[in-house]
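Scroll down for the structure; my scribbles are underneath it.
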Amino acid sequence: MNEETKEKAGLYRSIFESAADGMMIIDLETSLVVEANPAAWLMHGYARNEFLELQLQACIHPDSQYVFNESLQIFRSTGVFDIRALHVCRNGTTFFADWRGTAFTHEGRPCLLGIIRDVSKQIQMEQSLSQRVEVRTHEQATLLEISHTLASTLELQPGLILDQLRKIIKYSHGGLFALEGSSLVTLAMRGTGHLEDSLPIHIHLSDPETLVALFNKHHPIRIADVWSSDPQAQFLRTLLNDGSAVLLEGMQSWMWVPLAVRGRIIGGVGVAESSKNYFTAHHADLALSVANQAAITMINAELYGQAQELAVLEERQRLARNLHDAVNQSLFSAGLIAEVLPRLWDRDQAEARSSLEDLRRLTRGAMAEMRALLAELRPSTLTDSDLGDLLRLLGNAIEGRSNLPVAISISGEFHLPANVQVMFYRVCQEALNNVAKHAKASQVEIDLKQEEAEVQMRIHDNGRGFDPHKTYSGHYGLGMMRERTEAAGAVLTISSMPGTGTELMVHWTKVPSKEPL
């Protein structure tokens, strides 16, 4: 061997030994490691003299043995070796490695020259990223579920708001507060029995500056340690004095999320945790999303209560004007779907298409809701429009708002007295609201038909049913429907039992006009 050849051999040897990736020469006949660089034997935890002449299978985890041997067989015929395998170190620890191999002749024997790279950290990063994507997707789905739940609530249920928030943010203590004059008053509490029995708690706001600081331009406030000297922690302790100090017992972290609609401050949600520095910026974003929907729900509940009070005197003439935010509920849910769609599309196009269908349903429902509300603003619409079209409008609106399929069947032509047409519309409206609110149904059917002088409306759901002979405190819908039908000369019958769904029938017969004598 001349000097030039020796010099090249030394260069190649130097490159081989200094390579960052592992390099191994495997005898294809014996499967022995006949040569390796330091990166290869060190990543497996061996000294050089221990690694050489080692059976290659000793480095491959049993879970990867079959695939690895199959790949070697393919390599012998194709010369292609490209595989990811789980390796075993001398001390029993494992790591994933990517192999790239090529045919190589060493000392006259057919060999595999393999380059191996430890990709365990890369796999961990990919798995971590995948887990984060799954968590975010799950969070978006939970937000949608929370939105649907709160959007379908007409009467205020303060505890429900806290329970829905807990689905997406775990906390030890929580409270929903309403702003009444210059005080915050607890509407519901979650935590220990002692805390929940402390209702109501009044937190006096001493001056307008305190209110401005507390509502923080509609941004959440996070306090890592409520007992620290941090100015916000001191402000909180000053605010929660006397009887309201119970909210901080045993707590370390605190997060406050203001509730506001169109610049009007209506309250806030406070949650606490027993460990320090618990609530993150991501928690704050999630809580604000729920708080925005909760604020709309609270306003709608307030307006719904006002509408109930006005119903007897004004026939709900102002209902649409007071309940215009109902459309916002559907649009809020549609907005959440639109936010998550790009990630869903990258992850699962079938699920994304399903969400697109939800988006179509919500926007269709919002349009129907708006048309119904406009009809409320112009009472003549309820008497001048076709009754079948009005019932379809109600069905589309409730389907979009509550994700409740409504099947509608209309037969006949309806030329009814104004009070009778309004009666059918109002009874259907109240019945659908009751189904969405109480029945937990998965299907509703509306059948409207006219045969000669008789008009019959049937509304059937497959929900949990109830005892129609039992009086339910705080529920006046059935009584109002009976009053309406009787006033219009119609007959209302309700058939239901717990667990069997509910069927409501309204039957009206036109009274023939008396001929003059």
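Note down the nm distance, to one decimal, between modelled labels 7 Å out along Cα→Cβ at residue 384 and at residue 349.
Distance between label points: 4.9 nm.
Starting from the 7 Å offset along Cα-to-Cβ, what nm value, one decimal, do you get for the label separation of residue 218 and residue 58?
Reported label-point gap for residue 218 and residue 58 is 7.0 nm.
Over the stretch 188-310, consider all pairs of different Cα atoms and compute the Kirkwood hydrodynamic radius from their mean reciprocal separation; express it in Å, one decimal.
About 15.6 Å for the stretch 188-310.
By count of other Cβ within 10 Å, fewest leading, how are 491, 406, 226 ordered?
By the 10 Å Cβ count, ascending, the order reads 491, 226, 406.
Which whole-Hz ³J(HN,Hα) couplings does the stretch 60-67 yield from phi under the Karplus relation 6.51 cos²θ - 1.76 cosθ + 1.60, θ = phi - 60°, glycine and proline marked x?
Karplus-based 3J(HN,Hα) across the stretch 60-67 equals 9, 5, x, 5, 10, 4, 4, 4 Hz.
Between residue 47 and residue 142, what FRET efficiency follows from the Cβ-Cβ distance if R0 is 60 Å, with the result rounded to 0.05?
0.65
With a Förster radius of 22 Å, plug the Cβ-Cβ distance of residue 118 and residue 15 into 1/(1 + (r/R0)^6) and report the FRET value to the nearest 0.05.
0.65
Taking every DSSP beta bridge with both residues inside the chain, roughly what % is antiparallel (nearest 5)?
Here the antiparallel bridges make up roughly 95 percent for the chain.
Return the ratio Rg/(2.2 N^0.38 Å) for the stretch 378-517, where Rg is computed over Cα atoms only.
Details: Rg = 15.4 Å, N = 140, 2.2 N^0.38 = 14.4 Å.
Dividing the Cα radius of gyration by 2.2 N^0.38 Å gives 1.07.
Quick one: net charge of residue 117's neighbours, Cβ under 9 Å, K/R +1, D/E -1?
-2
Give the order of 177, 104 when sorted by the count of other beta carbons within 10 angstrom, beginning with the fewest.
104, 177
What is the calculated FRET efficiency for residue 129 to residue 80, with r their C-beta to C-beta distance and R₀ = 41 Å, to the nearest 0.05?
0.85
What net charge do the residues around residue 146 carry, taking every other residue with its C-beta under 12 Å from that of residue 146, with Lys and Arg at +1 and Asp and Glu at -1?
-1
How do 125, 24, 251, 43 rank when sorted from fewest to most other Cβ atoms within 10 Å of their own Cβ?
Least crowded to most crowded, the residues run 125, 43, 251, 24.
Skipping prolines and chain starts, which residues have an amide H placed within reach, meaning under 5 Å, of the one on residue 37, given they are 5 or more residues away or on another chain?
Close amide H contacts, sequence-distant or interchain: 23.
Tell me, what ³J(HN,Hα) does each residue in the stretch 459-464 have, in order and in whole Hz, if you take phi through Karplus 6.51 cos²θ - 1.76 cosθ + 1.60 with θ = phi - 60° and put x for Gly and Pro?
10, 10, 10, 9, x, 7
How much of the DSSP bridge set in the stretch 399-492 is antiparallel, in percent, rounded to the nearest 5?
For the stretch 399-492, the DSSP antiparallel bridge percentage is about 55.
Taking Kirkwood radius over Cα pairs in Å as the quantity of interest, determine which of [x] 30.1; [y] 29.1; [z] 26.8 was computed from the displayed structure.
[y]
With the cut-off at 27 Å, tell me which of the pairs 437/470; 170/217; 470/510; 167/470; 8/121; 167/440 have Cα atoms farther apart than that. If you can, show how the numbers build up before the last one.
Working: 437/470 18 Å; 170/217 25 Å; 470/510 32 Å; 167/470 33 Å; 8/121 35 Å; 167/440 20 Å.
Over 27 Å Cα-Cα: 470/510; 167/470; 8/121.
In whole Hz, with x marking every Gly and Pro, tabulate ³J(HN,Hα) for the stretch 103-115 from phi via Karplus 6.51 cos²θ - 1.76 cosθ + 1.60, θ = phi - 60°.
Couplings: 5, 8, 9, 10, 6, x, 10, x, 9, 10, 8, x, 10 Hz.
Which value in deg cm²/dmol, rounded to the nearest 500, describes the helix-derived mean residue ellipticity at 222 nm for the chain, given -39,500 (n - 2.57) per DSSP H run of n ≥ 4 and division by the residue count?
Theoretical 222 nm ellipticity from helices: -15500 deg cm²/dmol.
Values quoted throughout were computed directly from the atomic coordinates according to the rules given, and no laboratory measurement underlies them. Here the structure is a predicted model, which means the values were calculated and not measured. Because the Cβ atoms are built from the backbone with ideal geometry, glycine has one as well, and the counts that use them run over all protein chains shown.
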